[in-house]
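> Dropping a structure here in structure tokens format, bear with me for questions.
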Amino acid sequence: MKIPIRLNYLAKILPLFFLCSLLCPLNISTSAETENLAHLIDNGGFIVKNGLKNLQYREREPFIPASTLKILTCLAALEILGEKYRFETHFFLDEKQNLYIKGYGDPFLTSEVLKTIAVKLYNRGVTKISSIRLDETAYAIDSLADGAGHSTNPYDAPNGALAVNFNSVPIFISADGSSMSGEVQTPEIPIMHEIGRTLSPGSHRVNVNTLQRKTLLSPSLRYTGELITAFFRTAGITIQNEFQEDCTPAHLSVVYIHKSEKTLLDIVRSCLKYSNNYIANQLFLACGAVSYGFPANWEKSRRLFDIYIREKLQLSEEEFYLVEGSGLSRKNRISPAGLLKAVEHFRPYADLLNNRRKTFLKSGTLSDVFCYGGFLVHNTRLLPFVIMLNQQENNRDLLLSILQLAVGD
């Protein structure tokens, strides 16, 4: 039976450990110092690449990466789609003045963007339409990302080809229980009142799937339709009939293509800064669709990432297993050494990671999962590192401090 190590005892033996670690590569042999370090790890491993000398422990064993997987997803997106890639949303008019809107997975169809689109369409002469037809056939996904649920939390928000505001609804509930929009840039729409009935007073940002499906439209597509309708009417566009889901006829010519205001590099920066699961899986799905053709689906992207990881990162099948791109799934597995290869390739984008005192890092956290990946800053060098703990005890910060000192920080 292991006895938990006392922090004051650890403080006494750390100098000896630091001296040993500077002189020789770590492996969990017989030294008391490395045994004490290993005592912080019930189930996990780490690796730091420091020139020819690696500090490492169980580095070839696969573990759950949680959100550190986003480093790999964003790296693949940057290399497969390109830094300057821009998502598109297409608009078509038929002979009856029905406006078809076909989405291609833009993760940044926000309220501000929809307002701009409405004004542009109005200025192009689209001032009166019969109805809005919503087309999300560019994504053929019939399930949530593995690991996502139906909680109110935005990190469980569903992915889709035509979704707005990251599929999360801003709602403010007043003391008397009445609901309204939770942000000035987003108009008040009916879906807010329905979701708001179950919320306590205060500000909320709610996964749209909190609302149970009551019509042919999914909650996500209903949210999109209500918000677009509100912005169109504000811009002066008259809409005669209700919006509905429909597939765009093949013979229609596009009247407007909205290219995202954000490049892929901008999107990756936001994805990593806020550790946004919705954005990460939009990138994951887009990579598969662009590589193998639309519609996007989970299987195409899994196949693509399997090839990418084996060929680009030179990992064996025993070192990884991926089912989605955000890190939500507990089925995801990758070894510390495998993820380190992605970190090394990410070096040109190190400044996109969160800058914490003398580290550039991405954290990953699930129940009993505590991970870090990124770069230790030592003098003028960036030393790639990965810490992966799949255990109850969250020792990643203590382990990170030990590794920083071990490389001479």
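> For Asp351, which of the numbered conditions (1) surrounded by fewer than 18 Cβ atoms within 10 Å (Cβ to Cβ); (2) not in a helix (DSSP H, G or I) fails to hold?
(2)
> Right, Ser143: in contact with a helix residue (DSSP H, G or I) (Cβ under 8 Å, 6 or more places away or on another chain) and either assigned to a loop (DSSP other than H, G, I, E, B) or not charged (D, E, K, R) (or both) or not?
Yes, satisfied.
> Which ones in segment 81-113 are among the aliphatic types (A, V, I, L, M) and part of a loop (DSSP other than H, G, I, E, B)? Walk me through it before giving the result.
Of all residues in segment 81-113, those among the aliphatic types (A, V, I, L, M) come to 81, 93, 99, 101, 109, 113.
Within segment 81-113, Leu81, Leu109 qualify.
> Can you tell me which residue is modelled with the lowest pLDDT among those in segment 28-37 that are in a helix (DSSP H, G or I) and either surrounded by 16 or more Cβ atoms within 10 Å (Cβ to Cβ) or β-branched (Val, Ile, Thr) (or both)?
Glu33
> Still on this structure: Kindly evaluate Gly160 against the criterion of being modelled with pLDDT of 95 or more, assigned to a loop (DSSP other than H, G, I, E, B) and assigned by TED's automatic domain parsing to the domain that holds Pro249. Working first, answer last.
Values: modelled with pLDDT of 95 or more: yes; assigned to a loop (DSSP other than H, G, I, E, B): yes; assigned by TED's automatic domain parsing to the domain that holds Pro249: yes.
Yes; evaluated as a whole, the condition is true for this residue.
> So, in segment 48-73, how many residues would count as being of a type in the set (Asp, Glu) and crowded, with 22+ Cβ neighbours inside 10 Å?
So the count comes out to 1.
> Name the one entry in Glu344, Glu318 that is modelled with pLDDT under 95, part of a helix (DSSP H, G or I) and not assigned by TED's automatic domain parsing to the domain that holds Pro158.
Testing whether each residue is modelled with pLDDT under 95, part of a helix (DSSP H, G or I) and not assigned by TED's automatic domain parsing to the domain that holds Pro158 leaves just Glu318.
> With the requirement that a residue be among the aliphatic types (A, V, I, L, M) and touching a Ser or Thr at 6+ places or on another chain (Cβ under 9 Å), what does segment 238-267 give you?
Ile239, Ile257, Ile267, listed by residue number.
> I've got another one for you. Across segment 172-208, what is the total count of residues that are in contact with a helix residue (DSSP H, G or I) (Cβ under 7 Å, 6 or more places away or on another chain) and among the basic types (Lys, Arg)?
Of the residues in that region, 1 qualify.
> Only one of (1) out of contact with any strand residue (DSSP E or B) (no Cβ under 7 Å at 6 or more places or on another chain); (2) within 22 Å of Ile267 (Cβ to Cβ); (3) of a type outside the set (Ser, Thr, Tyr) is not met by Gly373, so which one is it?
Result: Gly373 fails condition (1) only.
> Further question on the same structure: What about Ala235, is it surrounded by fewer than 17 Cβ atoms within 10 Å (Cβ to Cβ), in the same structural domain as Tyr139 (by TED's automatic domain parsing), of a type in the set (A, V, I, L, M) and out of contact with any Asp or Glu (no Cβ under 8 Å at 6 or more places or on another chain)?
no
> Next question, about the same structure. Tell me, please, whether a residue that is among the small types (Gly, Ala, Ser), assigned to a helix (DSSP H, G or I), buried (at least 20 other Cβ atoms within 10 Å of the Cβ) and not assigned by TED's automatic domain parsing to the domain that holds Lys331 can be found in segment 114-131.
yes
> A further question follows. Failed condition for Arg333, given (1) under 30 Å from Asp142 (Cβ atoms); (2) crowded, with 22+ Cβ neighbours inside 10 Å, with all others met?
It is condition (2) that Arg333 fails.
> Filter segment 74-113 down to residues that are on the phi < 0 side of the Ramachandran plot and among the small types (Gly, Ala, Ser) and give me whichever is surrounded by the most Cβ atoms within 10 Å (Cβ to Cβ). Before the answer, list the steps.
Residues of segment 74-113 that are on the phi < 0 side of the Ramachandran plot, as a first pass: 74-81, 83-96, 98-104, 106-113.
Remaining after also requiring among the small types (Gly, Ala, Ser): 76-77, 103, 111.
Numbers: Ala76: 23, Ala77: 26, Gly103: 24, Ser111: 19.
Ranking the qualifying residues of segment 74-113, first place goes to Ala77.
> Hey, can you tell me all the residues within segment 132-154 that are farther than 20 Å from Thr186 by Cα, buried (at least 19 other Cβ atoms within 10 Å of the Cβ) and not acidic (Asp, Glu)?
Matches in segment 132-154: Arg133, Ala138, Tyr139, Ile141, Ala145, Gly147, Ala148.
> Where the second residue is assigned to a loop (DSSP other than H, G, I, E, B) and charged (D, E, K, R) and the first is closer than 9 Å to Pro170 by Cα and free of Cβ contacts under 8 Å to residues at least 24 places away in the same chain and lies in segment 181-197, which pairs have Cβ atoms under 9 Å and are six or more apart or on separate chains?
Ser181/Glu188
The values are calculated or read from the model by the stated rules, or taken from the named source; none is laboratory data. Only a predicted model underlies this, so the values are computations on that prediction, with no experimental measurement involved. For neighbour counting, all protein chains shown are included, and Cβ atoms are generated from backbone atoms with ideal geometry for every residue, glycine included.
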